[in-house]
Structures are given as C-alpha cells and as structure tokens.
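For reference, the structure is listed below as structure tokens.
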Amino acid sequence: MFDLLKKTQYEYSRNEADVWELFHENSKVDKNKPIVPNDVVIQKMRNELDTLDYRSFATVALPETAPTVALDLASCILNRKSSSEWALTSMTFEELGMLLQLSYGVTRSNKDTDYVRPFRACPSGGGLYPLEIFLNVRNVEGLAPGLYHFNPHKNAVECLREGDQTFKLCSAFVQRQVIEGAACVWMVSGMFRRSTFKYSNRGYRFALLEAGHLAQNANLVATGLGLGVLNMGGYFDREIDKYLDLNGVDQSVIYCLAFGRAH
Ligand SMILES: Cc1cc2nc3c(=O)[nH]c(=O)nc-3n(C[C@H](O)[C@H](O)[C@H](O)COP(=O)(O)O)c2cc1C
C-alpha cells in the first residue's frame, strides 16, 4: 500500500511537470502565429473596464493624507524581509491607502492616446491591467473590518461584506495563524481574459509577472512605512476563489500578501 502511494505521488508530480513544460512551450512568442490587429485591441480596451466595478456596494474613498515614509528607496530594498511574527496591532487607513495607490493605483492619464486606460503604479503587458486586489480588513484604524475590493479609478475601496471575515478566510491558508494575526490580507486575483484576448497563453504569464511587480511595490512601501509583510503562495486556491465569488477558470486568485505591524 505504501509503495503504491509513493508511486502514485511520484507519477502525480511527473504529470505536474509535464503541464508546466507544455504551458511554457505554448506560451512562447512565435513568429508564425498571427497577432491580434491593433484596432481590435483598441476597441476591446474602450468597451471593457480594466477593473471590476461593484457599483451597488458602499464605497469608501482612500484618505487624501499620506503617512511619512521614513526610509529612502535603497533602505527599503535593503530592509525588506518576510515577516509574519506580528502582534495583532493595527495599521492605519492612511497606510493602507498608500499601499494600494503605490502598488496598483492610477498614476497618469492615457487619454490623449488610442489606449484609453490610464497607467498604474506597476508596469502591465500592453497596459491591460488584468489584476484585482481584494482585501480582508481586520485591524485597520479608520476602516471598518470587512471584505473590500480596491477600485483604482475611484481611488476607493468597495465594501463587499461588512464585519470581520477572518474566521471564514483563515482556513483557506496553509498558515492560518498568519492570517489571524494580520491587520490586513490582500488576495491578488487575475482576470486572465483581459490579457489573453491579446496575448493568448503568454497573456497568462503576463498576469503572473504583473502580480510580482504589484507585490514588490507593496513590499517596498510596507518596509518604508515600518510595516511587516508576508508574500503568500500557501493558500487553497479553490476556497479563496469561492470566497471571492470568482469562477476559478478565467478569474482566480494568484497571490496573497499579509500585512501587520512587525514585532
Ligand atoms: C511566490 C512566493 C510565495 C511565498 N509563499 C510563502 C508562504 O506561503 N508562506 C511563507 O511563510 N512565506 C512565503 N514566501 C516567503 C519566502 O519564504 C521568503 O521570501 C524567503 O524565505 C526569503 O526570505 P525574505 O523574504 O525574508 O528575503 C513566499 C515568497 C514568494 C516569493
């Protein structure tokens, strides 16, 4: 029985390897593949929003005042480290607002070009912005606990569920104690078709790469603000997708970040 189990696990991991090899091969740029014409791309970008818009939900504008960042850029990079040993102390809404704006917020207009979508704080393949940030707010001074969505165009968060949801969410993480102790947890999700309609399989790669850019912005800002941050890949995707009401196929969580005040 034990040998059988070992063999099955071995075969299972081999199959997984085959999938990523196949994916990598199929997401290579190929001179022989036709590209999507520019007018089709422009039309699609005009017709579709680059953010989910929870219109009927209560909207809370991000604070206009920004907290002081005590460190220069080099110090933020040198001091960045994973942190999960945090006390359940709160962070402030000003700090959260700055984290959101400098990670994935709108930074400059694009209205004078054919590509109508404004630019954001992180680079994006084709300027398509396939990511969404959902936030579990537990202990943020100035913002009631609940599940929120960041809307970069409104520069606001939309409250999807009121009240502390942490007890429902923590079992979706391998290290549930990290989630219980965090002041705020981000669930960065990919709306893959926003990118794959143009770049096909490579668009999926682009969404994952973009999540890394977004997360690094957040890591450096958090360090500058004296906050602890943990980047998390250890979560049960299906549970989080269900929790966020994402279909798990072309919409799915791809990265999580937990923030808190480090010990
Ligand atoms: C994609 C990714 C996923 C990660 N997932 C987890 C995780 O689920 N739990 C955890 O404790 N740390 C996680 N980490 C943090 C790494 O363990 C950490 O970055 C590494 O040990 C290097 O330490 P440093 O971040 O302090 O430099 C993750 C890091 C990355 C980049």
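The values are calculated or read from the model by the stated rules, or taken from the named source; none is laboratory data. Only a predicted model underlies this, so the values are computations on that prediction, with no experimental measurement involved. Cβ atoms come from the backbone with ideal geometry, glycine included; neighbour counts cover every protein chain shown.
Restricted to region 13-69, and to residues that are touching a Cys at 6+ places or on another chain (Cβ under 9 Å) and of a type in the set (Ser, Thr, Tyr), which residue is modelled with the lowest pLDDT?
So the first thing to find is which residues in region 13-69 are touching a Cys at 6+ places or on another chain (Cβ under 9 Å), and the list is 54, 57-60, 69.
Next cut, of a type in the set (Ser, Thr, Tyr) only: 54, 59.
Numbers: TYR54: 94, THR59: 97.
Applying the filter and picking the extreme gives TYR54.
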Condition set modelled with pLDDT of 95 or more, within 12 Å of the ligand (Cβ to nearest atom) and of a type in the set (A, V, I, L, M, F, W, C), scope region 249-263, selection surrounded by the fewest Cβ atoms within 10 Å (Cβ to Cβ): answer is ILE254
Taking region 218-243, which residues are more than 14 Å from the ligand (Cβ to nearest atom) and either surrounded by fewer than 21 Cβ atoms within 10 Å (Cβ to Cβ) or free of Cβ contacts under 8 Å to residues at least 12 places away in the same chain (or both)? GLY226, ARG238, GLU239, ASP241, LYS242, TYR243
Looking only at residues in region 178-203 that are farther than 13 Å from GLU132 by Cα and within 16 Å of the ligand (Cβ to nearest atom), which one is nearest to the chain's Cα centre (by Cα)? VAL185
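So is LEU246 more than 13 Å from the ligand (Cβ to nearest atom), touching a Ser or Thr at 6+ places or on another chain (Cβ under 9 Å) and outside any helix (DSSP H, G or I) or not? Please lay out each step first, then the result.
Details: more than 13 Å from the ligand (Cβ to nearest atom): yes; touching a Ser or Thr at 6+ places or on another chain (Cβ under 9 Å): yes; outside any helix (DSSP H, G or I): yes.
In short, yes.
For region 23-37, enumerate the residues that are more than 27 Å from the chain's Cα centre (by Cα) and either surrounded by fewer than 10 Cβ atoms within 10 Å (Cβ to Cβ) or in contact (Cβ under 8 Å) with a residue 40 or more places away in the chain (or both). First the steps, then the outcome.
Filtering region 23-37 down to residues more than 27 Å from the chain's Cα centre (by Cα) leaves 30-35, 37.
The answer is LYS31, ASN32, LYS33, PRO34, PRO37.
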Out of all the residues in region 166-174, is one or more under 19 Å from THR89 (Cα atoms), of a type in the set (Phe, Trp, Tyr) and away from the ligand (no atom under 14 Å from the Cβ)? yes
Lone qualifier among PHE134, PHE167, PHE150, PHE119 - being surrounded by fewer than 22 Cβ atoms within 10 Å (Cβ to Cβ) and more than 17 Å from ARG46 (Cα to Cα): PHE167
Quick one: what pairs do we get from region 48-64, first residue within 27 Å of ALA207 (Cβ to Cβ) and in contact (Cβ under 8 Å) with a residue 60 or more places away in the chain, second in a strand (DSSP E or B) and of a type in the set (D, E, K, R), C-beta under 6 Å, 6+ apart or different chains? LEU52/GLU132; TYR54/GLU158; PHE57/GLU158; THR59/GLU158
List pairs: first in region 106-118 and in contact (Cβ under 8 Å) with a residue 12 or more places away in the chain, second hydroxyl-bearing (Ser, Thr, Tyr) and surrounded by fewer than 12 Cβ atoms within 10 Å (Cβ to Cβ), Cβ under 7 Å, 6+ apart or cross-chain? PRO118/SER109
Which residue pairs have Cβ atoms closer than 8 Å, lie 6 or more positions apart in sequence or on different chains, and pair a first residue in region 65-84 that is more than 16 Å from the ligand (Cβ to nearest atom) with a second residue that is of a type in the set (Ser, Thr, Tyr) and not in a loop (DSSP other than H, G, I, E, B)? PRO67/THR92; LEU71/THR223
Away from the ligand (no atom under 16 Å from the Cβ) and crowded, with 16+ Cβ neighbours inside 10 Å: does that describe LEU49? no
